[in-house]
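Here is the structure we will look at, set down as structure tokens.
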Amino acid sequence: MSPMQARRWWTPWLGWGMAAFMSFGALAQAQDVPLQRTEVRNWLLRIHEAAQQRNFHGTFVVSAGGQVVSSRIAHYCDGSNQYERIESLDGQMRRVFRHNDLVATLWPGSRLAVLEHRETLSTFPALLHSDGDRLSDLYEVRRQGDDRVAGHEAEVLLVRPRDAYRWGYRLWAERASGLLLRAEVLGGQEDVLESSAFSDVAIGVKPQPESVTQPMKRLEGYRVDRPALTKTGYEQEGWVYRQKPPGFQHVNSVKRELDAQTAGRPGEPARQLLQTIFSDGLAHVSIFVEPYDANRHRAEVLMSMGATQTLTRRYRDWWVTAVGEVPPTTLRLFVQGLERKK
């Protein structure tokens, strides 16, 4: 797997972010207020639940690694059902529709549709990958005052990591609903590595689930690809992690067959790609393992794109690709700790 392929497969929809439109100077004047463990959990759960349970639509803009992209998003919650629609506004047209765990990604230009069942990772404007109980052990959270984003009053939180294995965050949550309006990923010196924000957003709109479900059914003229993902466990597949960065826990493991171009010679057993996801509650890391192929796997590299790092390495007869919005040290520890079971 190439670093670019890994980034595409790892990211559920897009990398989210936005260039800041307002100076943070006024906020810096506000005195930081540290939050207690219960307050941290309640704040972050409120942000996460707003992204799951609120009906909203708007435009968000992503700024990472010198690139800026924008997308339209609509999210509806109708009872226990969730519906989401995302349309890219820059570059190649792409539309993503989600009904619960069924995801349809459409490329109108090439008339390709990819349908798959998958667990969605928490991306902007969602946040958590857990219930938030452990986050106070890994991050210090401080309240930093009030601000306005896209015409909405927001409360600002600064999330500082307690070690060097994760980035920090600055979060703007809409005061009334808790919906995340803006988020920055911060480096070691609290420099902005990547930012995400709504340029406009309407909250509390009327649900329109048919605007999601109908396009998922109208695929005439599209070449439909249905990749089969099989749930598994990395130990079940013969792997073990002798060491992992502190605070990261196993979330999920899936495997799929490689496509025809990378599946090997005729008559050989189908080659498979194993993806294992770890999370500390905010950040997540994906580790991909596939058979080594000298024709495709040439360089062991570390690549950076905003907050996202990609590390590739050969291990015996396998090729390992690690991707995550974490410091390079974190990826190295994961990759160096991965071993084949004896």
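The values are calculated or read from the model by the stated rules, or taken from the named source; none is laboratory data. In this text the structure is predicted, and so the values were computed from the model without any measurement. Quick reminder, even Gly has a Cβ in these numbers, built from the backbone with ideal geometry, and neighbours come from all protein chains shown.
See the values below:
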| read-out | value |
| --- | --- |
| Members of region 178-230 that are in a helix (DSSP H, G or I), more than 19 Å from Asn55 (Cα to Cα) and of a type in the set (A, V, I, L, M, F, W, C) | Met216 |
| Qualifying positions in region 140-177 - touching a Ser or Thr at 6+ places or on another chain (Cβ under 9 Å), under 16 Å from Asp280 (Cβ atoms) and of a type in the set (Gly, Ala, Ser) | Ala164 |
| Complete set of residues in region 299-324 that are of a type in the set (Asp, Glu) and modelled with pLDDT of 95 or more | Asp317 |
| Residue in region 174-191 that is among the acidic types (Asp, Glu) and modelled with pLDDT under 95 present | yes |
| Strands (runs of 3 or more DSSP E) enclosed by region 303-342 - at least 3 residues per element that are in the same structural domain as Leu282 (by TED's automatic domain parsing) and surrounded by 15 or more Cβ atoms within 10 Å (Cβ to Cβ) | 308-315, 318-324 |
| For Asp137: the one exception among (1) surrounded by fewer than 21 Cβ atoms within 10 Å (Cβ to Cβ); (2) in a strand (DSSP E or B); (3) touching a Lys or Arg at 6+ places or on another chain (Cβ under 9 Å); (4) of a type in the set (Asp, Glu) | (2) |
